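Below: the structure, in structure tokens.
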2 protein chains.
Amino acid sequence: VGDLSLNSTNKTLQQALFDAIQEKIISQKWQIQQKLPSTRRMAEELKLSRNTVISAYEQLAAEGYLHSKKGAGFFVSVSIPEEFLTTRGTSGQRAIDNNRSNCQQQDKEHNRPFTPGIPDLGNFPYSKWQSMLHRHTNRATISGVGDIQGYYPLRDALSQYLQSSRSVSCNANQIIITSGAQQALSISVLATLKQGSRILMEEPGYPQMRKILNLFNCDTLPFQVEPTTGIDLTSLSRHQSEAIYLTPSNQYPMGTSLNTEQRLQILRWAKERQSWIIEDDYDSEFQFSHRPYASLQGLSAQSGVSDRCIYVGSFSKTLFNGLRVGYMVVPENLVSKCLDIKDALAGRTAVHTQAALADFIAEGHFLRHLRKMRKLYQQKSDCLAHSIKTHFAGKWTIISQSAGLHTTVKWYGAPTEEQMVELAHQQGITVRPLSYYEHLSGRREWNSLVLGYGNAKIEEIDERIKTLAQCFLGSELGGHEVNGE
Amino acid sequence: VGDLSLNSTNKTLQQALFDAIQEKIISQKWQIQQKLPSTRRMAEELKLSRNTVISAYEQLAAEGYLHSKKGAGFFVSVSIPEEFLTTRGTSGQRAIDNNRSNCQQQDKEHNRPFTPGIPDLGNFPYSKWQSMLHRHTNRATISGVGDIQGYYPLRDALSQYLQSSRSVSCNANQIIITSGAQQALSISVLATLKQGSRILMEEPGYPQMRKILNLFNCDTLPFQVEPTTGIDLTSLSRHQSEAIYLTPSNQYPMGTSLNTEQRLQILRWAKERQSWIIEDDYDSEFQFSHRPYASLQGLSAQSGVSDRCIYVGSFSKTLFNGLRVGYMVVPENLVSKCLDIKDALAGRTAVHTQAALADFIAEGHFLRHLRKMRKLYQQKSDCLAHSIKTHFAGKWTIISQSAGLHTTVKWYGAPTEEQMVELAHQQGITVRPLSYYEHLSGRREWNSLVLGYGNAKIEEIDERIKTLAQCFLGSELGGHEVNGE
């Protein structure tokens with residue numbers, strides 16, 4: 001064990017042991033291929049439970065710091081992250097390590113603070129989730145070919161949640177569990193549109209939806225969303241399209257929402273034209289300033305248009321992205337068509353995950369987590385707004401409502417949003433330009449960024465915004481306001 | 001606890017307790033909403049460990065026999081399976097229960113003995129798998145948005161397995177992890193074909209592939225597979241198609257395989273026509289009578305045609321169907337196109353499952369399981385062949401090779417294969433008619449069934465085949481051979 005010592009302030013003993021060993025490896029005080037003390041000896045000398053040591057070793061192995069040899073114990077691995085790699089190892093191994101490390105690097109950027117679309121990954125109740133999974137992952141009776149529509153108890157639990165929390169009008173037979181909401185969107189498109197069909201889509205809007213429409217050669221008609229005021233529906237009646245795609249409760253990424261009058265107007269339009277409505281309700285669980293609007297789908301049922309409305313939801317924002325479970329609620333007469341498409345596209349969705357999720361919802365953990373996260377995200381949203389006000393001296397305006405996992409800001413004049421992305425990147429901060437969400441470009445006279453705070457630690461937000469403000473104000477061109485605001 | 005008594009012959013104490021409580025509920029000796037003894041009291045009175053009791057209660061809850069109320073304990077649930085429901089409960093609840101039960105009933109039929117495509121679900125090392133999952137499912141660092149191509153350590157482990165066991169020519173950068181092999185087939189089709197493109201497909205062949213081709217309006221050209229002799233390639237040169245879909249190592253469902261000369265002929269054809277080869281290597285791990293042929297993809301690399309070959313594989317047969325992880329190996333210049341399609345279609349694949357699977361392979365559990373199952377499936381295959389010989393008095397001929405998870409049989413004259421399916425169904429046995437796999441119908445003068453033995457218990461096989469033989473020989477029309485054999 002040597003001079004290994006644990007600092008367990010603010011962390012579990014397992015994490016403390018992980019950190020201590022990681023430090024030894026990174027600093028190369030423990031050499032590549034060196035054998036670690038046995039778990040028994042480590043446990044005795046550090047007065048830890050053996051399970052704690054085993055868990056820490058296994059986590060280190062999972063992250064590539066250690067590897068185990070059967071019957072021989074654990075060894076410092078050659079596959080340590082590339083940023084710490086010296087010239088050791090064969091070039092082949094180094095190429096693999098580089099590749100692995102590039103992937104890890106990309107993954108890190110995907111999940112950095114201020115990257116939109118990522119929830120608070122550190123605050124998910126993993127041990128509760130583990131125990132739900134553990135309860136089901138040894139059930140041979142469900143391990144075979146399951147229900148293409150999704151595991152029934154999950155659809156049942158979900159239908160109750162959607163009815164009570166999102167006013168969705170549905171029963172379990174209208175719900176289809178999908179391998180991520182992206183799959184639900186694909187199925188929606190294939191079930192309602194053909195090659196060359198026209199679909200109205202918010203502009204700016206969700207790029208992942210645009211990818212599906214491009215893949216299947218649908219004709220995307222951009223429907224302008226203005227800052228703060230949202231979609232201008234006066235032009236709606238001029239549009240002849242087979243479908244409309246909407247994020248009505250928290251427009252992505254502009255952060256506006258449709259009021260009831262606007263929703264009714266869309267429903268009337270869909271009824272008259274016999275058009276489809278695809279409602280993407282991706283993060284409505286997190287609405288801070290007022291009660292969330294009931295879903296458009298729920299209103300459609302009251303208005304007799306429910307047979308034209310498809311509702312799509314995700315667990316990526318409420319739980320975590322890597323779960324890859326989404327769902328769709330479809331009119332009863334569209335269920336079998338959607339199931340045929342799901343069957344052909346990709347087949348069933350992982351069953352043990354569905355079973356664990358069913359219990360996670362039915363036993364109340366889902367709602368409990370949502371309540372906790374709603375508070376936390378509101379704090380983050382408030383903190384972000386406050387920091388922007390403090391550090392940007394009025395130069396950035398927040399245009400999105402206080403909801404969801406992101407804040408959208410706007411400014412006139414230099415630097416451009418692309419310059420700002422680059423400046424932030426140099427400081428290790430990932431932010432998204434609004435242009436990322438646009439089908440058409442070059443129409444705006446203002447700049448805009450989308451800042452995701454879901455996975456930002458609340459105590460880091462102010463410091464990072466300060467850094468962004470320094471970039472912004474310090475850039476050669478920065479700080480010169482132009483007329484027009 | 002009352003008169004609860006355990007019969008633990010041939011089962012674990014947990015299973016014995018499960019069965020005893022289940023019996024009480026089904027026979028309605030324990031009434032709906034009745035509170036169960038606490039886990040502590042149950043453990044004391046039956047002299048079981050408390051963990052055993054908790055596990056049994058949780059399993060009963062998971063299967064819908066019990067439900068737990070926080071702080072109050074476990075209660076007999078109203079949602080008991082429909083076949084045991086009397087008039088109790090509201091009609092709404094009964095409708096839900098009916099539905100749930102129908103789903104469970106369907107699931108059971110999907111996974112019955114002799115249903116093709118299901119591996120031995122009882123012999124999977126679930127506790128090992130649980131521990132691999134447990135190791136990863138609390139890792140916040142990988143829970144966000146991961147690599148669209150798949151978790152790198154899994155691709156790395158898989159590339160080593162595929163190179164050494166299936167002679168696939170690949171590195172981790174050519175592997176794409178998919179949400180089931182079905183998704184890999186969808187991506188293959190979308191990456192290589194357009195609406196109206198022609199593709200050669202084995203006839204009879206895999207119906208799930210045909211569904212994809214229909215969904216995307218491709219033109220399927222059936223390519224006849226004959227019993228025992230397989231595909232007749234003399235007509236190949238006449239075909240002008242953009243792609244060919246093949247199960248070369250164990251043709252599904254005819255159970256023939258292409259020899260090296262035939263494989264080279266297909267490669268030459270693909271090279272000349274610049275056609276794509278989609279190789280579906282769905283169960284080659286289980287080849288009993290000889291060493292499995294190297295993959296067609298591997299041979300294509302040696303022949304300089306590897307840029308035309310897509311290799312698709314699955315864990316559904318080697319582990320279990322409900323896992324929903326598949327993979328594809330694609331030419332390097334096709335990787336980014338396939339990733340764009342995967343991104344649009346459904347996005348990433350569940351990350352914790354991938355991480356657990358990476359360890360399962362890298363630590364040797366995968367190969368160990370394959371070795372064990374190869375032996376077991378060979379025994380089942382032999383047993384099935386022996387039983388058919390014993391009970392069918394020469395009237396059924398086995399036409400498939402001794403490999404994989406199914407045996408295909410052929411006979412002339414009555415009863416028809418559809419009659420045989422119905423007769424078997426009445427005896428609670430699920431078998432598939434060969435017509436299920438055919439694009440064109442009415443061309444055959446003989447009957448054929450596909451019998452999956454993967455999930456049949458070896459000790460049940462003889463009895464079930466005997467039952468099938470009784471159906472066959474006892475059917476009014478049965479037993480009358482016609483000329484032509």
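The values are calculated or read from the model by the stated rules, or taken from the named source; none is laboratory data. These figures come from a predicted structure and were not determined experimentally. Glycine gets a Cβ as well: all are built from the backbone with ideal geometry, and neighbour counts include every protein chain shown. The protein model used for the area step is the full one, side chains on, heavy atoms only, and it has no ligands, DNA or RNA in it. Shrake-Rupley method; radii C 1.70, N 1.55, O 1.52, S 1.80 Å.
Filtered by the rule that a residue be touching a residue at least 24 places away in the same chain (Cβ under 8 Å) and part of a loop (DSSP other than H, G, I, E, B), the range A:29-43 gives A:W30, A:Q31, A:I32, A:Q33, A:Q34, A:L36, A:P37, A:S38. If you go through the range A:387-401 and pick out every residue that is in a helix (DSSP H, G or I), touching a residue at least 60 places away in the same chain (Cβ under 8 Å) and open to solvent by 20 Å² or more (accessible area, probe 1.4 Å), you end up with 2. Among the residues of the range B:333-352, the ones that are in contact (Cβ under 8 Å) with a residue 60 or more places away in the chain and part of a helix (DSSP H, G or I) come to 11 in all.
For the range B:265-293, what are the residues that are open to solvent by 50 Å² or more (accessible area, probe 1.4 Å) and either under 24 Å from B:T234 (Cβ atoms) or aromatic (F, W, Y) (or both)? Answer for the range B:265-293, where residues must be open to solvent by 50 Å² or more (accessible area, probe 1.4 Å) and either under 24 Å from B:T234 (Cβ atoms) or aromatic (F, W, Y) (or both): B:Q265, B:R268, B:K271, B:E272, B:R273, B:Q274, B:Y293. Hey, can you tell me all the residues within the range B:339-353 that are more than 9 Å from every other protein chain (Cβ to nearest Cβ) and surrounded by 24 or more Cβ atoms within 10 Å (Cβ to Cβ)? B:K342, the sole residue that qualifies.
Taken over the range B:402-420, the criterion of being open to solvent by 10 Å² or more (accessible area, probe 1.4 Å) and within 20 Å of the chain's Cα centre (by Cα) is satisfied by B:S402 alone. Of the listed requirements (1) within 17 Å of A:M328 (Cβ to Cβ); (2) open to solvent by 10 Å² or more (accessible area, probe 1.4 Å), A:R198 misses just one: (1).
Is at least one residue of the range B:293-306 of a type outside the set (G, A, S) and either touching an Asp or Glu at 6+ places or on another chain (Cβ under 9 Å) or within 10 Å of chain A (Cβ to nearest Cβ) (or both)? Yes; the residues of the range B:293-306 include at least one that is of a type outside the set (G, A, S) and either touching an Asp or Glu at 6+ places or on another chain (Cβ under 9 Å) or within 10 Å of chain A (Cβ to nearest Cβ) (or both). Of the residues making up the range B:294-307, those that are open to solvent by 10 Å² or more (accessible area, probe 1.4 Å) and under 28 Å from B:G117 (Cβ atoms) number 2.
Going by the conditions given, is B:Q240 more than 20 Å from the chain's Cα centre (by Cα) and farther than 18 Å from B:Q401 by Cβ? Yes; evaluated as a whole, the condition is true for this residue.
Taking each residue of the range B:307-332 that is more than 9 Å from chain A (Cβ to nearest Cβ) and farther than 18 Å from A:H352 by Cβ and looking for partners that are acidic (D, E) and not in a loop (DSSP other than H, G, I, E, B) with beta-carbon atoms closer than 6 Å, six or more apart or interchain, yields B:Y311/B:E279; B:V312/B:D280; B:P331/B:D307.
Being in a helix (DSSP H, G or I), among the hydroxyl-bearing types (S, T, Y) and within 12 Å of another protein chain (Cβ to nearest Cβ) is the filter here; which residues of the range A:174-210 pass it? Of everything in the range A:174-210, just one residue is in a helix (DSSP H, G or I), among the hydroxyl-bearing types (S, T, Y) and within 12 Å of another protein chain (Cβ to nearest Cβ), namely A:S186. Do the conditions hold for B:S284, that is, is it assigned to a loop (DSSP other than H, G, I, E, B) and farther than 26 Å from B:T353 by Cα? Considered against the rule, which asks whether it is assigned to a loop (DSSP other than H, G, I, E, B) and farther than 26 Å from B:T353 by Cα, B:S284 comes out as no. Considering only the range B:163-173, state which residues are closer than 14 Å to B:M328 by Cα and either surrounded by fewer than 24 Cβ atoms within 10 Å (Cβ to Cβ) or within 12 Å of chain A (Cβ to nearest Cβ) (or both). Within the range B:163-173, B:Q163, B:R166, B:S169, B:N171, B:A172, B:N173 meet the criteria. Take the conditions under 16 Å from A:I199 (Cα atoms) and either hydroxyl-bearing (S, T, Y) or not in a strand (DSSP E or B) (or both) and apply them to A:L213. Does it pass? Yes. What number of residues within the range A:134-162 satisfy the criterion of being in contact (Cβ under 8 Å) with a residue 40 or more places away in the chain, in a loop (DSSP other than H, G, I, E, B) and open to solvent by 10 Å² or more (accessible area, probe 1.4 Å)? Residues in the range A:134-162 being in contact (Cβ under 8 Å) with a residue 40 or more places away in the chain, in a loop (DSSP other than H, G, I, E, B) and open to solvent by 10 Å² or more (accessible area, probe 1.4 Å): 7 in total. The set of residues from the range A:227-247 being under 17 Å from A:P204 (Cβ atoms), out of contact with any helix residue (DSSP H, G or I) (no Cβ under 6 Å at 6 or more places or on another chain) and buried (at least 19 other Cβ atoms within 10 Å of the Cβ) comprises A:G230, A:I231, A:I244, A:L246, A:T247. B:N259 meets the conditions (1) within 25 Å of B:S306 (Cβ to Cβ); (2) under 27 Å from the mean Cα position of the chain (by Cα); (3) in contact (Cβ under 8 Å) with a residue 40 or more places away in the chain in every case but one. The failed one is (3).
The set of residues in the range B:19-61 being open to solvent by 10 Å² or more (accessible area, probe 1.4 Å) and under 25 Å from A:A157 (Cα atoms) consists of B:Q22, B:I26, B:Q31, B:I32, B:Q33, B:Q34, B:K35, B:I54, B:S55, B:E58, B:Q59, B:A61. The residue pairs whose first member lies in the range A:46-72 and is more than 10 Å from chain B (Cβ to nearest Cβ), whose second member is in a loop (DSSP other than H, G, I, E, B) and of a type in the set (V, I, T), and whose beta carbons are closer than 9 Å, counting only pairs six or more residues apart or on different chains, are A:L46/A:V1; A:T52/A:T12; A:Y65/A:I80. Residue under question is A:E285, and the condition is that it be under 13 Å from A:S167 (Cα atoms) and touching a Pro at 6+ places or on another chain (Cβ under 8 Å); does it hold? Spelling it out, A:E285 is indeed under 13 Å from A:S167 (Cα atoms) and touching a Pro at 6+ places or on another chain (Cβ under 8 Å). Would you be able to say whether some residue in the range A:435-444 is touching a Lys or Arg at 6+ places or on another chain (Cβ under 9 Å), crowded, with 16+ Cβ neighbours inside 10 Å and under 17 Å from A:P113 (Cα atoms)? Among the residues of the range A:435-444, not one is touching a Lys or Arg at 6+ places or on another chain (Cβ under 9 Å), crowded, with 16+ Cβ neighbours inside 10 Å and under 17 Å from A:P113 (Cα atoms), which makes the answer no. Within the range B:111-127, residues that are at the interface with chain A (Cβ under 9 Å from one of its Cβ atoms) and assigned to a loop (DSSP other than H, G, I, E, B) reach partners that are open to solvent by less than 40 Å² (accessible area, probe 1.4 Å) and basic (K, R) with beta carbons closer than 6 Å, at six or more positions or on different chains, in the pairs B:P119/B:K317.
Just one of (1) closer than 19 Å to B:L334 by Cα; (2) crowded, with 22+ Cβ neighbours inside 10 Å trips up B:S316, so point out which. Just one mismatch for B:S316, condition (1). Quick check: is even one residue across the range B:219-226 free of Cβ contacts under 8 Å to residues at least 40 places away in the same chain, within 14 Å of another protein chain (Cβ to nearest Cβ), under 22 Å from A:G347 (Cβ atoms) and open to solvent by 10 Å² or more (accessible area, probe 1.4 Å)? No, because not a single residue in the range B:219-226 is free of Cβ contacts under 8 Å to residues at least 40 places away in the same chain, within 14 Å of another protein chain (Cβ to nearest Cβ), under 22 Å from A:G347 (Cβ atoms) and open to solvent by 10 Å² or more (accessible area, probe 1.4 Å).
Does the range A:376-402 hold any residues that are under 17 Å from A:I458 (Cβ atoms) and at pLDDT below 95, and which are they? If the condition is that a residue be under 17 Å from A:I458 (Cβ atoms) and at pLDDT below 95, then A:S402 is the only one that fits.
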